[in-house]
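Working notes for the structure below.
The values are calculated or read from the model by the stated rules, or taken from the named source; none is laboratory data. Since the structure is predicted, the reported quantities are computational estimates derived from the model, not experimental observations. Positions of Cβ are backbone-derived with ideal geometry, glycine not excepted, and every protein chain shown enters the neighbour counts.
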Amino acid sequence: MPLVQVSRDDKVATVIFNRPEAMNALSRSLRLEFAAVMRGLAEDPEVRAIVLTGAGERAFTAGLDLKELGSDTSNLGAASSDSDDNPVKAIENCPQPVIGAINGVAITGGFEVALACDILIASTNARFADTHARVGILPGWGLSQKLSRRIGLSRAKELSLTGNFIDANTACAWGLVNRVTAPEDLLAAAQALASDIAGIDPAMVQAYRSMIDDGFAINFRDALALEHDRSAASNRAVNAEDVEKRRLDVMKRGRSAI
């Protein structure tokens, strides 16, 4: 069986970490396979959104394979860099939005992979923990900086300095995940959201996503200036006919939602 499974439904691709017997731990072989899969999807113009999840209900991914590291730490430094087996970079370099469907535990490196996704939806089985300190390895895929920006400095310190778990509902209350579903509904909910994104012009999705991410990484004043400059440049190319067509599409979609 492949370590990473991929399926397609129209413009949405679903990617699955496939080591359920090992809680989908990120062995080097899995990381290399995952990076190759994501590069392939990134280059596919027919794919407009990606759902990422883990096989089974126990784990999204338990992070780096500690059994593997227990016998060989020679690639630990490489795993923390921009190397070909860095799963976070594989997600971040993907032009399509990635929705994480957190089906079980997301621990340490698995937590970092979750934080690399654009949107997170969790099942009631989901649990999150940062056990870097307990394992004696400092994070290298962004967790120490991303988590505090998502849930606040004090909450991030609580998680990272204790290694304690939080459940899905707490993660939702803290703003880590967008919503919580029953386990049997998780994948369908994530794929439906991906399908909504896939229905928008991909160039617009990529431009808007980039504006949000780039603005979030700088101070508020500079972010407003960034929005002004990019919107001014982009909106000059918009014509009235396109606006009218899209206005009618939006109205039709709105009526069906009521």
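Out of curiosity, is residue 85 surrounded by 15 or more Cβ atoms within 10 Å (Cβ to Cβ) and at pLDDT below 95?
On the way: surrounded by 15 or more Cβ atoms within 10 Å (Cβ to Cβ): yes; at pLDDT below 95: yes.
Yes; evaluated as a whole, the condition is true for this residue.
Kindly provide the set of residues from region 1-18 that are over 15 Å from the mean Cα position of the chain (by Cα) and part of a strand (DSSP E or B), ordered by number.
Looking only at region 1-18, we keep the residues that are over 15 Å from the mean Cα position of the chain (by Cα), and these are 1-11, 18.
Scanning region 1-18 gives 4, 5, 6, 7, 8, 9.
Quick check on my filter: what residues within region 178-199 are surrounded by fewer than 16 Cβ atoms within 10 Å (Cβ to Cβ) and closer than 23 Å to residue 230 by Cα?
Hit for region 178-199 is 199, nothing else.
Can you name the residue in region 182-226 that is in contact with a strand residue (DSSP E or B) (Cβ under 6 Å, 6 or more places away or on another chain) and among the polar types (S, T, N, Q) and is also farthest from residue 242 (Cα to Cα) among such residues?
191
Looking at region 198-214, which of its residues are under 24 Å from residue 149 (Cβ atoms) and either assigned by TED's automatic domain parsing to the domain that holds residue 242 or of a type in the set (D, E, K, R) (or both)? Give the steps one after another, and end with the answer.
First, pick out the residues of region 198-214 that are under 24 Å from residue 149 (Cβ atoms): 205-214.
Listed by number, the residues that qualify are 209, 213, 214.
Could you check how many residues of region 1-19 are farther than 16 Å from residue 98 by Cβ and buried (at least 16 other Cβ atoms within 10 Å of the Cβ)? So that I can check it myself, show each step before the final result.
Of all residues in region 1-19, those farther than 16 Å from residue 98 by Cβ come to 1-3, 10, 18-19.
With the extra rule that they be buried (at least 16 other Cβ atoms within 10 Å of the Cβ), the set shrinks to 3, 18-19.
Within region 1-19, residues that are farther than 16 Å from residue 98 by Cβ and buried (at least 16 other Cβ atoms within 10 Å of the Cβ) number 3.
Looking for whichever is at pLDDT 75 or above and either of a type in the set (Ser, Thr, Tyr) or in the same structural domain as residue 192 (by TED's automatic domain parsing) (or both) here; the options are 70, 104. Which one fits? Before the answer, list the steps.
On the way: 70 fails: at pLDDT 75 or above.
Residue meeting the stated conditions: 104.
Looking at 185, 229, 213, can you tell me which residue is under 17 Å from the mean Cα position of the chain (by Cα), at pLDDT 95 or above and among the acidic types (Asp, Glu)? Steps first, please.
Working: 185 fails: under 17 Å from the mean Cα position of the chain (by Cα); 229 fails: under 17 Å from the mean Cα position of the chain (by Cα).
Being under 17 Å from the mean Cα position of the chain (by Cα), at pLDDT 95 or above and among the acidic types (Asp, Glu) holds for just one of 185, 229, 213, which is 213.
Go through region 1-17 and give me each residue that's at negative phi and in contact with a helix residue (DSSP H, G or I) (Cβ under 8 Å, 6 or more places away or on another chain).
Those that are at negative phi and in contact with a helix residue (DSSP H, G or I) (Cβ under 8 Å, 6 or more places away or on another chain): 2, 3, 4, 6, 9, 11, 12, 13, 14, 15, 17.
Residues 161, 153, 138, 115: which one is assigned by TED's automatic domain parsing to the domain that holds residue 98 and closer than 13 Å to residue 175 by Cβ?
On the way: 161 fails: closer than 13 Å to residue 175 by Cβ; 153 fails: closer than 13 Å to residue 175 by Cβ; 138 fails: closer than 13 Å to residue 175 by Cβ.
After applying the criteria, what remains is 115.
Would you be able to tell me the number of residues in region 137-174 that are part of a loop (DSSP other than H, G, I, E, B), surrounded by 15 or more Cβ atoms within 10 Å (Cβ to Cβ) and of a type in the set (S, T, N, Q)?
Residues flagged as part of a loop (DSSP other than H, G, I, E, B), surrounded by 15 or more Cβ atoms within 10 Å (Cβ to Cβ) and of a type in the set (S, T, N, Q) within region 137-174 amount to 0.
For region 27-42, check the following and say yes or no: at least one residue is among the acidic types (Asp, Glu), assigned by TED's automatic domain parsing to the domain that holds residue 95 and in a strand (DSSP E or B). Walk me through how you get there before you give the answer.
Start the filter on region 27-42 by keeping residues that are among the acidic types (Asp, Glu), which leaves 33.
Filter once more, keeping what is assigned by TED's automatic domain parsing to the domain that holds residue 95: 33.
Going one step further and asking which of them are in a strand (DSSP E or B), we end up with none.
So far as region 27-42 goes, no, none of its residues is among the acidic types (Asp, Glu), assigned by TED's automatic domain parsing to the domain that holds residue 95 and in a strand (DSSP E or B).
Could you please let me know if residue 128 is assigned to a helix (DSSP H, G or I), surrounded by 19 or more Cβ atoms within 10 Å (Cβ to Cβ) and at pLDDT 95 or above?
No: the conditions fail for residue 128.
For residue 193, only one of the following conditions fails: (1) more than 17 Å from residue 118 (Cα to Cα); (2) assigned by TED's automatic domain parsing to the domain that holds residue 130. What is its number?
Every condition holds for residue 193 apart from (1).
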